[in-house]
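Input: a single structure, listed below in structure tokens.
The values are calculated or read from the model by the stated rules, or taken from the named source; none is laboratory data. Quick caveat: nothing in here was measured; it's all calculated off a predicted structure. In this analysis, Cβ positions are derived from the backbone assuming ideal geometry, glycine residues included, and neighbour counts consider all displayed protein chains. Protein only, heavy atoms only, side chains kept; ligands, DNA and RNA dropped before computing areas. Shrake-Rupley method; radii C 1.70, N 1.55, O 1.52, S 1.80 Å.
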Amino acid sequence: MRRGNIVLVGFMGAGKSVCGRLLARRLGRCFIETDDLIVSGEGRSIPEIFREAGEARFRELEAETIESLKLKSGEVIATGGGMPCREGRMELLRELGTVVWLDGDVRELHARASRIGNRPMLEGRSMAEVEELYRSRQPYYRRADITVDTTGIGADQVVARILVALRKAHAVRA
Ligand code: S3P
């Protein structure tokens, strides 16, 4: 059964955190980030987890986090960029509620993500490799219920677009 959450997915730099927080405020809902849950559970940062335990361990922690999210309802949940990109993951996320893909131009996403830093998946990758990673993830992101293009617009406008789409899908009250 779907649990009435709104789940934001998308590549690094898509604005899942900023837009998720704004969206939650607009809807009067709680906001959580899967990366924050992992960091507080592990007591170390994401770059530390990657460095000390490796990406595979981080992906296991993501799988455990999805399990723990099954207790949530009516919240806005921002996921890490790689979370839906394993077989079966998007299906699990869709069980939590309406999944919204924040898409955009990959160069713009990369520029945004690089400004903020702290992304082990971007370290040592050329632009061509980042584009390849993005392309390999698209088939997973595409399974979202709703897609919002963030290219060239700010967080307020992105949230306005998300709200329009959610209302159309009857995922929130008009
Ligand atoms: C990752 C994205 C990050 C974080 C981790 C791995 C990825 O989250 O989960 O560094 O594989 O794309 P953001 O999408 O919030 O940057």
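Given the conditions (1) open to solvent by 20 Å² or more (accessible area, probe 1.4 Å); (2) part of a helix (DSSP H, G or I), report the number of the one that THR65 does not fulfil.
With respect to (1) open to solvent by 20 Å² or more (accessible area, probe 1.4 Å); (2) part of a helix (DSSP H, G or I), THR65 is out only on (1).
Is it true that GLY54 is surrounded by fewer than 17 Cβ atoms within 10 Å (Cβ to Cβ) and more than 16 Å from the ligand (Cβ to nearest atom)?
no
I need every pair where a residue in segment 86-97 that is at negative phi has its Cβ under 6 Å from the Cβ of a residue that is open to solvent by less than 20 Å² (accessible area, probe 1.4 Å), sequence separation at least 6 or different chains.
Taking only residues 6 or more apart or on different chains, the pairs are MET90/PRO84; LEU92/ILE66; LEU93/VAL7; LEU93/PRO84; LEU93/VAL99; LEU96/ASN5; LEU96/VAL7; LEU96/LEU69.
Any residue in segment 110-126 that is near the ligand (Cβ under 10 Å from one of its atoms), touching a residue at least 60 places away in the same chain (Cβ under 8 Å) and loosely packed, with under 13 Cβ neighbours inside 10 Å?
Yes, there is a match, as at least one residue in segment 110-126 is near the ligand (Cβ under 10 Å from one of its atoms), touching a residue at least 60 places away in the same chain (Cβ under 8 Å) and loosely packed, with under 13 Cβ neighbours inside 10 Å.
Report yes if THR151 is away from the ligand (no atom under 16 Å from the Cβ), in contact with a Phe, Trp or Tyr (Cβ under 7 Å, 6 or more places away or on another chain) and of a type in the set (Ser, Thr, Tyr), otherwise no.
In short, no.
List the number of the failed condition for VAL164; all other conditions in (1) open to solvent by 50 Å² or more (accessible area, probe 1.4 Å); (2) touching a Gly at 6+ places or on another chain (Cβ under 9 Å); (3) of a type in the set (A, V, I, L, M, F, W, C) hold.
(2)
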